[in-house]
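Here the structure comes first, spelled out in structure tokens, and everything after it is commentary.
Read-outs throughout are calculated quantities, based only on the coordinates presented, and are distinct from any laboratory measurement. Nothing here was measured: the structure is a model prediction, and the numbers come from that model. Virtual Cβ from ideal backbone geometry, glycine too; neighbours counted across all protein chains shown.
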Ligand code: NAD
Ligand code: TDX
């Protein structure tokens, strides 16, 4: 039975990938390893764990003995490596964990996979997918062409630098040791199960709770939004059909500035309250509950230091080589996402208590209102 190890499978993209993998390749054995940091949540995986369709291991990718034991038990032929510290703002205030997991953790995982595949003679048929980010390429000006796979690496945040370092390590393992690895660099994901620290869920939840919607700087920064379902479909295409040693960029083709994204979230929530007036009883502090617009909550605050102006992905290699294309339009995907958060209030309420409150105070407490 083919066997896949998904690292970081209790994170946002990881959970979505586990479900997508089960649907696309139901015959495969899926093992998830996740260190269950603040960003993890296994609630959506529990039915799969309980019915035995996946195995979950609470552990660190930087623990060589654990990873070696898992390889011995399951003889993985695929590794989808997503485990990481992923939030840029946290990398600015506390960069060390990013080096630990993203660089040293990736190194330990590569070492363990290489040793296991050498021993088992699977180096020729196995595949290691390293999931990385467009942030390794740095920032684009308004008229610059989108990032291609040969764009130079110019990371600017500690997060992006740690991901760039991990990409370099993967490439070094490919060239030096013949590691059967592939790298993907994707743009900003959004969709179900995203941690409320990230822009889109943060703005949805703040709007529902009637809190300020803190846009950094003047809100002109541009991101290329990729629906997580499109991303996961592309990851499965790359690991199964991509050429080892290659890099593939994955992008949504949905460039939007933050002002427009937050405005659209507000309009979408306003429309939901008009269509379902009962929402007003569940979320009485939301301006839409009393017929006002959530846009009244928008506030511009002190910018993120080193805030990259624009990311945009040229995903033509993925389309040409693998026939893999993203299909979720941003307006549709965003409406779906707003509905998902409306329907999963318990999920985000659990996360937004405890540690999250301390993070909000740390990241937003010092940010003055700019205008
Ligand atoms: P996330 O923060 O939601 O999840 C990361 C998961 O990794 C968490 O479940 C966490 O517990 C786990 N983890 C952290 N350290 C670990 C360790 N040492 N050992 C085992 N598990 C550990 O992140 P995400 O948004 O799902 O991102 C997944 C991957 O995709 C990351 O590698 C990230 O860099 C990359 N990526 C994300 C985006 C995005 O927009 N979210 C865009 C481009 C690339
Ligand atoms: O409160 C906020 N206000 C705001 O204006 C937050 C949290 C963000 N922003 C801005 C910063 C960015 O321009 O919104 C944009 C998106 O911010 P994030 O959601 O933090 O994402 P970003 O920094 O672009 O990084 C994301 O995409 C690339 C992921 O978090 C990374 O893991 C991924 O590699």
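Computed extension gain for residue 123 through residue 343, at 0.36 nm per residue and net of the alpha carbon distance, reaches 74.7 nm. Peptides 256-269, 313-326 ranked from most to least packed, by the mean per-residue count of other Cβ atoms within 10 Å: 256-269, 313-326. Our estimate of slack between residue 355 and residue 218, defined as 0.36 nm per intervening residue step minus the Cα-Cα distance, is 46.5 nm. What separates the Cα centres of the stretch 184-199 and the stretch 95-113 is a distance of 21 Å. For the residues 190, 159, 216, a GNM of the chain with alpha-carbon springs under 10 Å puts the largest fluctuation on 216. Helix 228-241 and the longest principal axis of the Cα set of the chain meet at an angle near 10°. Centre-to-centre separation between the Cα atoms of the stretch 341-361 and those of the stretch 209-227: 18 Å. Considering the zone a paramagnetic label at residue 368 would reach in this model (a point 7 Å from Cα along the Cα-to-Cβ line), which residues of the stretch 303-319 have amide N under 12 Å from it? The answer is 303. Normalised by the number of residues in the stretch 99-193, the mean separation of alpha-carbon contacts (under 8 Å, six or more apart) gives a relative contact order of 40 percent.
Using just the helices of the chain, give the 222 nm mean residue ellipticity in deg cm²/dmol: DSSP H runs with n ≥ 4 each add -39,500 (n - 2.57), and the total is spread over all residues, rounded to 500.
Details: 14 runs with 155 residues, N = 371.
When only DSSP H runs of four or more count, the value is -12500 deg cm²/dmol.
Express in nm, to one decimal, how much length is gained between residue 104 and residue 46 on full extension, taking 0.36 nm for each residue of separation and deducting their alpha carbon distance. Could you put the intermediate results ahead of the total?
Working: separation 58, 0.36 × 58 = 20.88 nm, distance 2.93 nm.
Extending this stretch completely gives an extra 18.0 nm.
For a Förster distance of 30 Å, can you work out the FRET efficiency between the beta-carbons of residue 171 and residue 143, rounded to the nearest 0.05?
Details: r = 30 Å, r/R0 = 0.99.
Taking R0 as 30 Å, the efficiency between residue 171 and residue 143 is 0.50.
Taking only the C-alpha atoms of the chain, the Rg (one decimal) and the largest Cα-Cα distance, Dmax (whole number), read 20.4, 66 Å. The modelled label-to-label distance for the pair residue 24/residue 96, using points 7 Å beyond Cα in the direction of Cβ, is 3.8 nm.
A simple spin-label model places pseudo-atoms 7 Å from Cα toward Cβ; at residue 325 and residue 292 they are separated by 4.5 nm.
Going by C-beta contacts inside 10 Å, put 198, 362, 357 in order with the fewest on the left.
Working: 198 18, 362 13, 357 10.
Exposure proxy ranking, most exposed first: 357, 362, 198.
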